[in-house]
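Peer 1: Here you go, one structure.
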């Protein structure tokens, strides 16, 4: 079966142009910090099976990656979401999200119903590059843990595993949609971002929105979301610990509504559990009061009916 987004599947009607337009947001225009020659990227990488990293597609083609950080919430790059994606022409309803290591044969797929992008980002790629979106339906995989403000921050020289669905080299459209990973070292820790430099492996077009994992207590946690790359040796990713409050607020707002009208607005996992217990106690208390006011009593058992013998 041919890949739905391969070059062979594109015809002269302009689908290649459409895909290039979508990917233009994910292929970073080199700037003062990223001015290397465009060359083969993710060299030395390998297939990955990180269930928390998912693919974003539009018009049947993968154009970005994303990371599950909640049952119904993904984190990705701001330029992968409206109003920036597809040169401002891509609508939220056109974006499909798929789980699995091959987007051509997804294990599960859904759409987006809501999105948010960080204040300060603009089409000229200034400011932090991070966005969040809410899924219509859960995809199944468990969300990834991510670094918060109270955790150990990422460090220069620390190993990081970069995961995404991007190309293996510029314009290699047929390689889009397969999940890959590469281990690199954090070259520099900036105020709101991480910088990676490795001539042998790195990020390329379509990897934007994927995750940079570091290890804490022996477990992988998301330290950053891929933002931009020169497809050669340098890449920049947005730190999640710097935007933990915005992420937490979005996660809370995206929780399913509580039953019986209990509106919960917890400020953390412990608060959430406490709020649910309070909610349950209120519901039980209200039921008992209503029961007492109605004078509810268990009905006495009915006496057996006497039957006359007519024989």
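The values are calculated or read from the model by the stated rules, or taken from the named source; none is laboratory data. From a predicted model like this one, the values you see are computed outputs, not experimental measurements. For neighbour counting, all protein chains shown are included, and Cβ atoms are generated from backbone atoms with ideal geometry for every residue, glycine included.
Peer 1: Mind checking which residues of segment 205-235 are surrounded by fewer than 24 Cβ atoms within 10 Å (Cβ to Cβ) and touching a strand residue (DSSP E or B) at 6+ places or on another chain (Cβ under 7 Å)?
Peer 2: 214, 220, 221, 233, 234
Conditions (1) in contact (Cβ under 8 Å) with a residue 40 or more places away in the chain; (2) assigned to a loop (DSSP other than H, G, I, E, B), marked per residue:
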{"residue": "109", "(1), (2)": "no, no"}
{"residue": "114", "(1), (2)": "yes, no"}
{"residue": "121", "(1), (2)": "yes, yes"}
{"residue": "134", "(1), (2)": "yes, no"}
{"residue": "141", "(1), (2)": "yes, yes"}
{"residue": "149", "(1), (2)": "yes, yes"}
{"residue": "154", "(1), (2)": "yes, yes"}
{"residue": "167", "(1), (2)": "yes, yes"}
{"residue": "174", "(1), (2)": "yes, no"}
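Peer 1: For segment 60-92, name all the residues that are within 25 Å of residue 121 (Cα to Cα) and either surrounded by fewer than 18 Cβ atoms within 10 Å (Cβ to Cβ) or not assigned by TED's automatic domain parsing to the domain that holds residue 137 (or both).
Peer 2: Correct list: 83, 87, 88, 89, 91, 92.
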